[in-house]
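Structure record follows, encoded as structure tokens.
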Amino acid sequence: MANERIILGIDPGTTIMGFGLIKVVNKKMEFIQLNELQLNKMDDHYMRLKRIFERTIELIETHHPDEIAIEAPFFGKNVQSMLKLGRAQGVAMAAGLSRGIPITEYEPKKIKMAITGNGNASKEQVAKMLQQLLSLKELPKNLDSTDGLAAAVCHFFNSGRVEVGKSYSGWDAFVKQNENRIKK
């Protein structure tokens, strides 16, 4: 029997959530799907979070990923945007953790470096490299889905390495690794 696993990559967002799935058979990647969840037509931020949770659960129930790779929020100047992005990431993580799926978080620069060899690569450069790596016929109009796919491919490239980012196998592991974030 082949050594097989499925990796779900997520680029969290409150306007568009990008995601991509790859299958790893032995040590070779196979493309499964990339897509995005459009949230910009929803006015209520809490309903957007609910939809992110629901869509992530749908992806889990449909594709049964063994692992989830998620892009960590980058630090920007707009605190409100950071808060909303962090909530979107947390909701997607909660969906995976609720199903017992290990999650690994990657900084955007680490994902870009893994895919292109350049931590400052553009979204277009990342998408073009993914197109070559996975033999994609065409690229989507919005590149949020390729960002999600890039997280999955980054995780594949980093599998087996000692340090891959923050990994959580469940709520207990998350709490243990983030004790400084808990209010007592």
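Miscellaneous remarks
- Top of Val25, Val91, Val126 by mean-square fluctuation, Gaussian network on the chain, Cα under 10 Å: Val25
- In this structure, the pairs whose alpha-carbon distance is over 27 Å, taken from Lys128/Lys176; Lys84/Lys137; Lys110/Lys176, are Lys128/Lys176; Lys84/Lys137.
- Cα centroid of the stretch 50-68 to Cα centroid of the stretch 97-124, whole Å: 18
- All other residues whose Cβ lies under 9 angstrom from that of Val25 are scored, Lys and Arg at +1 and Asp and Glu at -1, for a net of +2.
- The residues of the chain have, on average, 57 Å² of accessible surface per residue, using a 1.4 Å probe with all protein chains present.
- Measuring nothing but alpha carbons in the chain and taking Rh as the Kirkwood radius, the Rg to Rh ratio lands at 0.95.
- Taking Lys and Arg as +1 and Asp and Glu as -1, the other residues whose beta-carbon sits under 13 Å from that of Gly148 total -3.
- For the options Lys110, Lys128, Lys41, a Gaussian network treatment of the chain with springs between C-alpha atoms closer than 10 Å singles out Lys41 as fluctuating the most.
- Summing Cβ point charges (Lys, Arg +1; Asp, Glu -1) relative to the Cα centre of the stretch 4-181 gives a dipole of roughly 300 debye.
- When the convex hull of its Cα atoms is projected in every direction, mean area for the stretch 55-115 (nm²): 4.6
- When both bridge partners sit in the chain, DSSP labels roughly 70% of those beta bridges antiparallel.
- Under the membrane-span-like helix rule (DSSP H runs whose alpha carbons stretch at least 15 Å along the helix axis, mean Kyte-Doolittle hydropathy 0.5 or higher), the chain yields 79-98.
The values are calculated or read from the model by the stated rules, or taken from the named source; none is laboratory data. Everything quoted here is computed from the prediction, not taken from an experiment. Heads up, the Cβs are rebuilt from the backbone with ideal geometry, glycines too, and the neighbour counts pull from every protein chain shown. We work out accessible area using only protein heavy atoms, side chains counted, and drop any ligands, DNA or RNA first. Shrake-Rupley method; radii C 1.70, N 1.55, O 1.52, S 1.80 Å.
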